[in-house]
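What follows is a single structure, written as structure tokens, with notes after it.
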Amino acid sequence: MDALGRAVDDLVRDLYSTKVDGPSTIQEPEITSRICQRVEDRLDGQRVGDYIFRVIAQSMPDRGPRSLESITGADLFFSLSLDGPEGFDKGLFVQAKHDHNVNRSELLDACDRMEHQAGVKGCYVWIYEQEGVKVFSLHQIRQMRGNTLDGLRPRSVAGLTGRILDCYAGSQNWGIPMGPRRRQVIRDRLQWVRSDNALDVALQRDRRG
């Protein structure tokens, strides 16, 4: 999970540093899309302990101004599977914002829609900052006072994925089972919820030994 977190944070730091008279010129949708591709490029096929990363990054084509609104209010569908007898398949939804673009009412609306689909464990907010990504839960977003996250204690992406592994985060109803049609299932799910991006990470047990 540290490897996944580093891949995400390194990219956000690189993109956020691109500034012209103020905030980053790279907007949230592009950062989110590049995060997915970065994780696939870096980790797909890599071995960690007794497991091998299998990563799929999937993006929806530009839906245009007349497209239907996202069902979930999410910018990213993130799925994680662990192979083996103690394994699981989980999914969650993510709303992503720059730290200079935080709006409490918008975040609450997105969180309400994500919670309706995936429950309280299946919705999170990612804030893109110069240092990387800060992760906030639904409960924390509802504690906001105005358009500031001051006073809230964020997690890292590595911390979030650790919570998924420890069964404290993620929705089993949105998990994607291991199998040969995994990429197609991800594509179908992304089209149904009408989110822009999907990042699917499967930790597959290495049975060669």
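The values are calculated or read from the model by the stated rules, or taken from the named source; none is laboratory data. Computed from a predicted model, the values in this text were never measured in an experiment. Here the Cβ positions follow ideal geometry from the backbone for every residue, glycine too, while neighbour counts run over all protein chains shown. Surface areas here come from the heavy atoms of the whole protein model, side chains and all, with no ligands, DNA or RNA. Shrake-Rupley method; radii C 1.70, N 1.55, O 1.52, S 1.80 Å.
Take the conditions (1) without any contact (Cβ under 8 Å) to a residue 24 or more places away in the chain; (2) farther than 24 Å from R104 by Cβ; (3) of a type in the set (D, E); D150 misses just one of them, which is (2).
In this structure, is Q191 over 17 Å from Y124 (Cα atoms), in contact (Cβ under 8 Å) with a residue 40 or more places away in the chain and not in a helix (DSSP H, G or I)?
Values: over 17 Å from Y124 (Cα atoms): yes; in contact (Cβ under 8 Å) with a residue 40 or more places away in the chain: yes; not in a helix (DSSP H, G or I): no.
No; evaluated as a whole, the condition is false for this residue.
Counting the residues of segment 195-209 that are open to solvent by less than 70 Å² (accessible area, probe 1.4 Å) and either of a type in the set (D, E) or not in a loop (DSSP other than H, G, I, E, B) (or both) gives 10. Here segment 71-99 is the region considered, the condition is being surrounded by 18 or more Cβ atoms within 10 Å (Cβ to Cβ) and among the β-branched types (V, I, T), and the residue that is modelled with the lowest pLDDT is T72. Screening M60 on (1) surrounded by fewer than 19 Cβ atoms within 10 Å (Cβ to Cβ); (2) modelled with pLDDT of 80 or more; (3) in contact with a helix residue (DSSP H, G or I) (Cβ under 9 Å, 6 or more places away or on another chain) shows it passes everything except condition (2).
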